[in-house]
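All of the numbers you see were taken from the coordinates with simple rules; none came from a lab. Quick caveat, the model's predicted, so the values are computed rather than measured.
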Amino acid sequence: MLSRITLADVGVRRNGTELFRVPQLAVTGGRILAILGENGSGKTTFLRLLAGLERDFSGVIRYDEAPPAAFFQGRNQPRDLLLLAQEPVLFDFSVERNLAYGLRLAGLSQRAAHARVAGVLGRLNLEALAKRRATRLSGGEKRRVALARVLAMEPQFLLLDEPFADVDPVNRELLENVLLEQARERGAAVAFTTHQEEIAIRLTDEIVQIVGRRLVPHHPRNVLRGTASMENRQFFFRTGNVTLEILPFTRPPRLVHIPPTEIVVSREALHGTARNQLRGTIRATRQQDEAADITVDCGISLEARITLRSLQEHRLVVGDQVYLSFKTSAVRWL
């Protein structure tokens with residue numbers, strides 16, 4: 001039974017050009033890994049690499065102790081590791097037959113397969129679709145059925161390409177709980193790609209990101225713990241000595257995240273639509289390509305990302321007093 005995939009100095013090539021490099025990474029059972037990155041950065045290719053579908057690479061990959069060729073020739077591979085593509089293909093018959101097909105090929109009896117299918121359909125609230133023809137479902141329904149088909153196989157490694165794309169809030173929460181169950185209760189490894197940092201922060205044990213053609217650890221910034229309340233029909237989040245105005249909520253959040261790119265830095269107070277405005281002192285600046293990250297102490301430590309040109313034009317340096325402005329919608333619940 002597969003328990004660990006390790007990569008060391010792995011470079012992935014396409015048509016002779018290196019797409020990205022993985023200096024070092026271990027994907028292990030019982031943990032959830034998120035892969036962030038811009039469109040076209042190589043997130044999907046990385047999942048394909050783990051699934052054995054990318055053959056043009058250098059470096060070392062091990063499935064437990066086995067190299068890729070030895071592992072993927074093994075008889076248990078289909079149930080050890082499964083990849084769910086963003087645009088899955090379903091068979092042109094009923095939903096329940098789609099789920100049962102792989103189980104029967106894996107040797108389960110008809111009775112055992114039927115029980116497994118019923119359990120997975122129930123967990124994903126898909127019972128009403130059981131008799132429906134899978135190819136006639138909506139796009140969102142097809143993706144949920146495809147996920148159910150993968151979960152029914154109970155793989156030890158579950159690789160998901162953008163599973164939260166176009167998912168409504170109710171089904172998003174359901175999906176998050178299902179993935180947590182796979183890792184915490186079954187001990188499976190879950191790796192998924194996403195461009196939604198808040199989901200990655202809330203759900204995972206580890207986050208990596210493809211930046212500058214390198215897969216590197218990602219450390220979330222501006223994650224705040226505090227208490228939320230409603231006063232005079234306005235909604236607030238208090239952390240330390242700072243009070244932020246946030247969007248209306250039904251369940252008070254305890255953690256929020258403010259993306260650094262949604263914070264405006266200025267020398268003077270702004271008079272616009274931003275409901276949150278904090279005054280503070282620049283404690284650090286860091287340049288990265290054409291951007292600059294500015295750390296500001298404003299009762300709490302916040303990081304803002306601005307263009308390198310803005311940093312130079314405003315001549316912002318450590319010790320300067322500045323204002324940080326951001327909208328209520330920039331304060332994301334976790």
Task: Phi to ³J(HN,Hα) by Karplus 6.51 cos²θ - 1.76 cosθ + 1.60 over the range 89-100, Hz, x for Gly, Pro - done: 10, 10, 6, 8, 8, 5, 4, 5, 6, 4, 6, 6
Task: Inverse mean reciprocal Cα-Cα distance (Kirkwood Rh) of the range 57-126, Å - done: 14.6
Task: Percent RCO, i.e. relative contact order, over the range 4-217, from Cα pairs under 8 Å lying at least 6 residues apart - done: 34
Open item on the list: Given axes a ≥ b ≥ c from the Cα gyration tensor, I'd like to know whether the range 180-334 is rounded (a/c under 1.5), prolate (a/b larger than b/c) or oblate.
Closed with: oblate
Open item on the list: Explain nothing, just compute: Karplus ³J(HN,Hα) = 6.51 cos²θ - 1.76 cosθ + 1.60, θ = phi - 60°, for every residue of the range 108-122 in order, whole Hz, x for Gly and Pro.
Closed with: 6, 5, 4, 5, 5, 5, 4, 5, 5, 4, 4, x, 5, 4, x
Task: Projected area, mean over directions - the range 1-160, Cα convex hull, nm² - done: 10.4
Open item on the list: I'd like the distance separating the alpha-carbon centroids of the range 84-125 and the range 160-198, in whole Å.
Closed with: 19
TODO: Return the whole-Å distance between the Cα centroid of the range 5-74 and the Cα centroid of the range 304-323.
DONE: 38
Task: Full-extension gain in nm, residue 138 to residue 255, via 0.36 nm per residue minus C-alpha separation - done: 38.7 nm
Task: Per-residue ³J(HN,Hα) for the range 187-196, Karplus 6.51 cos²θ - 1.76 cosθ + 1.60, θ = phi - 60°, Hz, x for Gly and Pro - done: x, 7, 8, 10, 10, 9, 8, 6, 10, 9
